[in-house]
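Student: Before I ask anything, here is the structure I am working with.
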Amino acid sequence: MKKFSILRALSLGLFLLAVVCGVIWQTGWGTLSSFGIGSIAQICPVGALETIFASGSLALSVLICLGVFVALVVVFGRFFCGWLCPVPPLRKIFGAEPKPETSCLNDSEDEGTSHSREETSSEPEKSSASAQTSSSSKATFINSAALEKKGPFFVLAAALVSSAIFSFPVFCLICPVGLTFAFIIGIVHMLKFNDPTITPLVILGVLFLEIFFLRRWCQFICPIGAFISLVSRLNKTFVPKVDGQKCLRAFGLNCQVCKNACPEGIDLKKTVPSTESSRCLKCGACAQRCPVSAISFPLLKKSKCSEGKTANIVYLKERFPRGAATEQSVVSKDSFDAPQETFSLKNAILESSRCIQCGACVKACPQHNPIPEVLRSIASGDTKAAGRLLMQSGKMPELCSQLCPKDKFCMAACPLGDFSDPINIHALMYFAASRSLDRGYRTSRARTSKKSPSVAVIGAGPAGLAAADVLRAQGYKVTVYERENEIGGLTMFGIPAFKLSKEKILTRKKLYEKSGINFQLGYEIKSAQELLGIVDSHDAVLLAIGAENPIHLDVPGANLDFVFQALEYLHGESKLTSLTQDKNVVVLGVGGTALDCARTALRQGARTVTCVFRKSLLKANPPRDDYESALREGAKFLEETQIQSVQPDKTVKVINREGLCEVLKADLVICAYGFIGPRDEVLKEAGIVISKGSLHTNLPKVFAAGDAVSGPSFVTTAIESGQSAAKAISQFLSDGCTEKKRSRQNRKNKDDGQISNREPAQPAIS
């Protein structure tokens, strides 16, 4: 429904044309003082009141114009602000619109927002300090809201009082509405009388200053809006109504589209009270953006309203748009090329426009990314802002969007999946992040000096890289030690190339190097003395060494030479091609790593690939996309099957789900049971203890993050852990600097006290 936008633009154009025609034919239209005090009152109610106060008399023409305007406001409400005021279009044209201050999660705790989805984690109890901070911020918000509500009325009173004092409508000289018309009138006057003057340029300069530097004019200052708001409380017509059988909120979804679309932030969840309806601009933005066309502007309030009725599911299924098509590359079992699922610009805008801004994806995301804000930027066509939101977070969205399982987090939580396609958040995140990288995204980092603390990060996996990025942004000198010849950790050497393109990792490396992060690649720490030497030479150390200690196969024959660990196999996939070519491969496990091994073996030319696992497929719950891909490519799955032994004749004895013994041919056995923690031989020798679930170790200046702390997890979780550890290190170093300053000050005060307490020197006697 673009008719509202077209009608608003047409109305404003006709209004401006009427002003121009009035100036040309001298009909009395105008807003500038040079055209007479009386002419100001012709189109502005505040100008009319100022004229009355300035002149001290009641002119009949002024009263008639004021009465007509009041009558229009009573019928149409704040129509002037939404349809005739030139300030919002000017701000939109010049990109000076005020940023919204409300979050899409403001009403996440309202009734009916849970939608049968349970919270995965409970919020810890707040401490007294945090409670005090919360109350302080709440008080600040209340004061801001009070100022927003009462500020324009104080300005209105000041404008009227100043007009009475100076006998002139002073406020008209600074009002952006008046300046806009003054500029038009000045141009027309200059052309009509051939009288060149710099007055229009001066007016234009003042107008630009107000548009760019007083962006909250409408909310905090505008006296016209204040006057119209007072009168519009009498408005009972054309009030927005919500059809309860169509509204997504009646279905239980926390839809925020209408609230975010409204310039005044009016929430239509409940019946709009008189105080709220008086703020409505009648702009129709809510009805225009509503994905199910549930909002209308009837002339009068209907006696029978459907607001309390249950949502019509059939209508929602028929009405709600399906997901936009993606540009996805075809991946076959013979290809090692990574798939790329993204959108064209047109389809990205269409897909992101389906978002109802409920915030369910934010709660489900391990990183709590601002997904609704990103989608909102894409929907408006501002892909640059969307990419900036993602990239500035430092959470590697170009990698997470490809590695994070679609069936477990954000897309699984999207409520649109109940009656339509869920929003393809992964493809949209990849779209925005990739465009930002392709445009040459650069990180802004604080400068370092000789006195800047230095931090060592051991391990260049996702957790270590995320921590290094945050620490470098805060101005610390960061050195990353990595035993491999490239960064990325498991994303580079543990995830096959057909699943993740390594180019994005190398692009990240260039960004980190440009920001000032020093990489020591191929640097393997082999002894405790070497590790302790790194600890002593830096102000803080982060252990992001991952969880590479595998769970070994505990059956007879586990030590045979054709039995490999999963990471060992994936790391040397190019070297083990001869072992899999036209061979029978048995993979133990059905997790993400096991499926990667199975699909790699198929691409290396394996004759058969069989995944054996102890649980049922339902309980094992493998990554859906990886499982379906492996099944489609030819892998077989034996669920509820227990391995008994590995035989030297390259067979594997198992007990199947019926309890019968079965022998499988196995030229290559890959154990993919997972990992239990870091390889800690060197850590034990150095006396460093990593506690599970804690960012701190037994040494004050040594921290830990990633899989080494939490155990094997998702890339998104590791990145979040790395950033949390970086914050802890920053706090530690800040406290240390504060303590040093305090001790230096104490020493100085002590020395000054000793000097002051000394007896004065005696004069020398010659």
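The values are calculated or read from the model by the stated rules, or taken from the named source; none is laboratory data. Every value quoted in this text rests on a predicted model; they were computed, and no experiment measured them. In this analysis, Cβ positions are derived from the backbone assuming ideal geometry, glycine residues included, and neighbour counts consider all displayed protein chains.
Student: Which count do you get for residues in the range 628-682 that are among the hydrophobic types (A, V, I, L, M, F, W, C) and free of Cβ contacts under 8 Å to residues at least 24 places away in the same chain?
Tutor: Initially, the range 628-682 is screened for residues among the hydrophobic types (A, V, I, L, M, F, W, C), giving 630-631, 635, 637-638, 643, 646, 652, 654-655, 660-661, 663-664, 666, 668-672, 675-676, 682.
With free of Cβ contacts under 8 Å to residues at least 24 places away in the same chain added as a condition, the list becomes 631, 655, 660-661, 663.
Within the range 628-682, residues that are among the hydrophobic types (A, V, I, L, M, F, W, C) and free of Cβ contacts under 8 Å to residues at least 24 places away in the same chain number 5.
Student: If I ask for residues that are hydroxyl-bearing (Ser, Thr, Tyr) and modelled with pLDDT under 85, which ones from the range 182-235 would you list? Can you show your working first?
Tutor: So the first thing to find is which residues in the range 182-235 are hydroxyl-bearing (Ser, Thr, Tyr), and the list is 197, 199, 229, 232.
Within the range 182-235, THR197, THR199 meet the criteria.
Student: Of all residues in the range 216-241, which are more than 14 Å from CYS280 (Cα to Cα) and out of contact with any helix residue (DSSP H, G or I) (no Cβ under 7 Å at 6 or more places or on another chain)?
Tutor: ARG216
Student: Within the range 67-78, does at least one residue satisfy the condition of being part of a helix (DSSP H, G or I), of a type in the set (D, E, K, R) and within 19 Å of LEU12 (Cβ to Cβ)?
Tutor: So in the range 67-78, the residues part of a helix (DSSP H, G or I) come out as 67-76.
Checking the rest, the ones that are also of a type in the set (D, E, K, R) come to none.
Among the residues of the range 67-78, not one is part of a helix (DSSP H, G or I), of a type in the set (D, E, K, R) and within 19 Å of LEU12 (Cβ to Cβ), which makes the answer no.
Student: Okay, moving on. Go through (1) in contact with a Phe, Trp or Tyr (Cβ under 9 Å, 6 or more places away or on another chain); (2) buried (at least 21 other Cβ atoms within 10 Å of the Cβ) one by one and return the number of the condition VAL652 breaks.
Tutor: Unmet for VAL652, out of (1) in contact with a Phe, Trp or Tyr (Cβ under 9 Å, 6 or more places away or on another chain); (2) buried (at least 21 other Cβ atoms within 10 Å of the Cβ): (1).
Student: Only residues that are over 8 Å from VAL715 (Cα atoms) and not charged (D, E, K, R): list them for the range 393-407, please.
Tutor: From the range 393-407, those over 8 Å from VAL715 (Cα atoms) are 393-399, 401-402, 405-407; that's our starting set.
Passing the criteria: SER393, GLY394, MET396, PRO397, LEU399, SER401, GLN402, PRO405.
Student: Same structure, new question: Exactly one condition in (1) modelled with pLDDT of 90 or more; (2) within 20 Å of PHE703 (Cβ to Cβ); (3) of a type in the set (A, V, I, L, M, F, W, C); (4) surrounded by 20 or more Cβ atoms within 10 Å (Cβ to Cβ) is false for ALA547; which is it?
Tutor: Unmet condition: (1).
Student: Moving on. Whether any residue in the range 292-301 is of a type in the set (Ser, Thr, Tyr), touching a residue at least 40 places away in the same chain (Cβ under 8 Å) and not in a helix (DSSP H, G or I) is what I want to check. Steps first, please.
Tutor: From the range 292-301, those of a type in the set (Ser, Thr, Tyr) are 293, 296; that's our starting set.
Cutting the leftovers down to touching a residue at least 40 places away in the same chain (Cβ under 8 Å) gives us 293, 296.
Subset that is not in a helix (DSSP H, G or I): 293, 296.
So far as the range 292-301 goes, yes, one or more of its residues are of a type in the set (Ser, Thr, Tyr), touching a residue at least 40 places away in the same chain (Cβ under 8 Å) and not in a helix (DSSP H, G or I).
Student: Let me ask something additional. Would you mind listing the helices (runs of 4 or more DSSP H) fully within the range 146-265 where at least 1 residues are more than 30 Å from GLY56 (Cα to Cα) and more than 41 Å from the chain's Cα centre (by Cα)?
Tutor: On the way: elements: 176-193, 199-213, 217-220, 223-232, 257-261.
In the range 146-265, the matching helices (runs of 4 or more DSSP H) lie at 176-193, 199-213.
Student: Going through THR651, THR608, THR641 one at a time, which residue ends up being under 28 Å from ALA497 (Cα atoms), β-branched (Val, Ile, Thr) and outside the structural domain of PHE498 (by TED's automatic domain parsing)? Break it down into steps so the answer makes sense when it comes.
Tutor: Numbers: THR651 fails: under 28 Å from ALA497 (Cα atoms); THR641 fails: under 28 Å from ALA497 (Cα atoms).
Exactly one residue qualifies, and that residue is THR608.
Student: Kindly list, by first and then second residue, each pair from a residue in the range 683-695 that is at pLDDT 90 or above to a residue that is surrounded by 11 or more Cβ atoms within 10 Å (Cβ to Cβ) and among the small types (Gly, Ala, Ser), limited to pairs with Cβ atoms under 6 Å and residues at least 6 apart or on different chains.
Tutor: So the pair list comes out as GLU685/ALA528; ALA686/ALA528; ILE690/ALA704; ILE690/ALA708; LEU695/ALA725; LEU695/ALA728.
Student: Find the residue count for the range 721-736, including only residues that are closer than 29 Å to GLY591 by Cβ and either surrounded by fewer than 24 Cβ atoms within 10 Å (Cβ to Cβ) or free of Cβ contacts under 8 Å to residues at least 24 places away in the same chain (or both).
Tutor: Qualifying residue count, the range 721-736: 2.
Student: Moving on to the next point. Can you name every one of the strands (runs of 3 or more DSSP E) wholly within the range 654-705 that holds 3 or more residues which are within 24 Å of ILE729 (Cα to Cα)?
Tutor: Numbers: elements: 661-665, 668-671, 675-677, 702-704.
Passing ranges, in order: 702-704.
Student: Another one. I need the helices (runs of 4 or more DSSP H) fully contained in the range 576-635, keeping only those with at least 1 residues that are among the polar types (S, T, N, Q).
Tutor: Numbers: elements: 577-580, 592-603, 617-620, 624-633.
Result: 577-580, 592-603, 624-633.
Student: Looking at LEU428 and the list (1) surrounded by fewer than 22 Cβ atoms within 10 Å (Cβ to Cβ); (2) in contact (Cβ under 8 Å) with a residue 60 or more places away in the chain; (3) within 30 Å of GLY252 (Cβ to Cβ), which single condition is not satisfied?
Tutor: (1)
Student: Among the residues of the range 507-537, how many are hydrophobic (A, V, I, L, M, F, W, C) and either exposed (fewer than 14 other Cβ atoms within 10 Å of the Cβ) or touching a helix residue (DSSP H, G or I) at 6+ places or on another chain (Cβ under 6 Å) (or both)? Talk me through it step by step, then tell me what you get.
Tutor: From the range 507-537, those hydrophobic (A, V, I, L, M, F, W, C) are 511, 517, 519, 521, 525, 528, 531-532, 534-535; that's our starting set.
Pick out the ones that are also either exposed (fewer than 14 other Cβ atoms within 10 Å of the Cβ) or touching a helix residue (DSSP H, G or I) at 6+ places or on another chain (Cβ under 6 Å) (or both) and you get 517, 525, 528, 531-532.
Here the count works out to 5.
Student: Pick from the range 402-421 the residues that are under 20 Å from GLN357 (Cβ atoms) and part of a helix (DSSP H, G or I): which of them is farthest from the chain's Cα centre (by Cα)?
Tutor: Just the residues of the range 402-421 that are under 20 Å from GLN357 (Cβ atoms), to begin with: 409-421.
Of the ones still in play, those that are also part of a helix (DSSP H, G or I) are 410-413, 415-418.
Working: CYS410: 12, MET411: 15, ALA412: 18, ALA413: 16, PRO415: 18, LEU416: 19, GLY417: 21, ASP418: 24 Å.
Only one residue tops the list, namely ASP418.
Student: Those residues that are modelled with pLDDT under 70 and more than 24 Å from ILE174 (Cα to Cα), I need them from the range 1-23; list them, please.
Tutor: MET1, LYS2
Student: Ok, one more. Residues of the range 489-518 being in contact with an Asp or Glu (Cβ under 7 Å, 6 or more places away or on another chain), of a type outside the set (Lys, Arg) and touching a residue at least 24 places away in the same chain (Cβ under 8 Å), which ones?
Tutor: Residues of the range 489-518 in contact with an Asp or Glu (Cβ under 7 Å, 6 or more places away or on another chain): 492-493, 495-496, 498-499, 504, 512.
From what's left, of a type outside the set (Lys, Arg): 492-493, 495-496, 498, 512.
PHE493, ILE495, PRO496, PHE498, TYR512, listed by residue number.
Student: Any idea how many residues of the range 588-615 are hydrophobic (A, V, I, L, M, F, W, C) and over 16 Å from ASP667 (Cα atoms)? So that I can check it myself, show each step before the final result.
Tutor: Taking the range 588-615 and keeping what is hydrophobic (A, V, I, L, M, F, W, C), we get 588, 590, 594-595, 597-598, 601-602, 606, 609, 611-613.
Narrowing further to those that are over 16 Å from ASP667 (Cα atoms): 590, 594-595, 613.
Total meeting the criteria: 4.
Student: Here are some residues: TYR441, TYR512. Which one is in a loop (DSSP other than H, G, I, E, B) and modelled with pLDDT under 95? Quick ask: steps written out before the conclusion?
Tutor: Details: TYR512 fails: in a loop (DSSP other than H, G, I, E, B).
The conditions single out TYR441.
Student: Here is a further query. Looking at VAL257, VAL242, which is the one that is surrounded by 21 or more Cβ atoms within 10 Å (Cβ to Cβ), more than 28 Å from ALA48 (Cβ to Cβ) and at pLDDT 85 or above? Step through it out loud before you land on a result.
Tutor: Working: VAL257 fails: at pLDDT 85 or above.
After applying the criteria, what remains is VAL242.
Student: Looking at (1) in contact with a Lys or Arg (Cβ under 8 Å, 6 or more places away or on another chain); (2) of a type in the set (Val, Ile, Thr); (3) modelled with pLDDT of 95 or more, which is the only condition THR716 fails?
Tutor: (3)
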